[in-house]
Amino acid sequence: MTVPAVQWVVGDVEGLPFRDGVFRHAVSNLGVIYSPAPQLVLREIWRVLAPGGRLAFSAHVAHGFGMRAAALVNAHMGVPAVVPEGVRQWADPSALQALWPGEVRTRSIVVHEEHASVEAFWDFSVRERRHVRQVVRMLAPDGVEAFRREFLDLASRYTGPDGFRVAHEYLVVIVDK
């Protein structure tokens with residue numbers, strides 16, 4: 001089987017550099033949800049989708065670990081801890097249906113992240129999550145310890161009964177044109 005070459009294009013999701021109706025599929029994994037202008041993003045994606053095309057994207061659920069961890073990170077970086085309303089809107093199936101001219105299908109999924117211990121989860125997060133690493137680098141040692149305690153306290157609320165398992169809940173959204 002021959003796989004076609006991938007061409008990477010840098011562009012602005014609020015003004016996509018493509019002709020109308022050129023794509024059969026559009027996918028975003030926790031990407032477009034951070035746009036400050038969701039209606040504009042939706043209009044652009046809809047514009048470049050061909051008739052019969054499909055958009056699939058994922059969003060953090062409003063009450064989940066990802067959204068709350070982002071608010072905690074923001075608070076320690078000196079940014080308001082409030083999750084932007086636009087990000088919340090992407091995770092609300094009824095709000096999404098109001099934005100799209102097509103039928104919106106949603107499904108919640110949970111992905112479990114397992115670690116040997118709470119400390120292993122912290123070490124992994126500092127090493128592999130850029131936003132956590134940024135907070136650690138900018139804080140004084142006592143601030144890092146306070147952030148660490150809050151982060152692990154938050155994570156422990158989403159931990160399963162069999163060891164340290166953080167449950168990340170996402171909303172998967174599919175819209176057909």
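The values are calculated or read from the model by the stated rules, or taken from the named source; none is laboratory data. All of these numbers come straight from a predicted model, not from anything done at the bench. In this analysis, Cβ positions are derived from the backbone assuming ideal geometry, glycine residues included, and neighbour counts consider all displayed protein chains.
Observations, loosely collected:
- A single member of A98, A69 is closer than 29 Å to V27 by Cβ, of a type in the set (A, V, I, L, M, F, W, C) and under 13 Å from the mean Cα position of the chain (by Cα), and it is A69.
- The set of residues from segment 158-177 being within 16 Å of E113 (Cα to Cα) and either modelled with pLDDT of 85 or more or in contact with a helix residue (DSSP H, G or I) (Cβ under 6 Å, 6 or more places away or on another chain) (or both) comprises Y158, F164, R165, V166, H168, E169, Y170.
- Residue satisfying all of: in segment 15-32; in contact with a helix residue (DSSP H, G or I) (Cβ under 9 Å, 6 or more places away or on another chain) and closer than 18 Å to G66 by Cβ; surrounded by the fewest Cβ atoms within 10 Å (Cβ to Cβ) among these: L30
- Answer residue from segment 18-54, given it is on the phi < 0 side of the Ramachandran plot, of a type outside the set (D, E, K, R) and touching an Asp or Glu at 6+ places or on another chain (Cβ under 8 Å) and is modelled with the lowest pLDDT among those: S35
- Of the helices (runs of 4 or more DSSP H) that lie entirely inside segment 1-113, those containing 3 or more residues that are under 30 Å from D142 (Cβ atoms) span 65-76.
- For segment 91-109, a residue qualifies if it is loosely packed, with under 12 Cβ neighbours inside 10 Å, closer than 18 Å to A59 by Cβ and modelled with pLDDT under 90, and the qualifying residues are S94, A98, E103.
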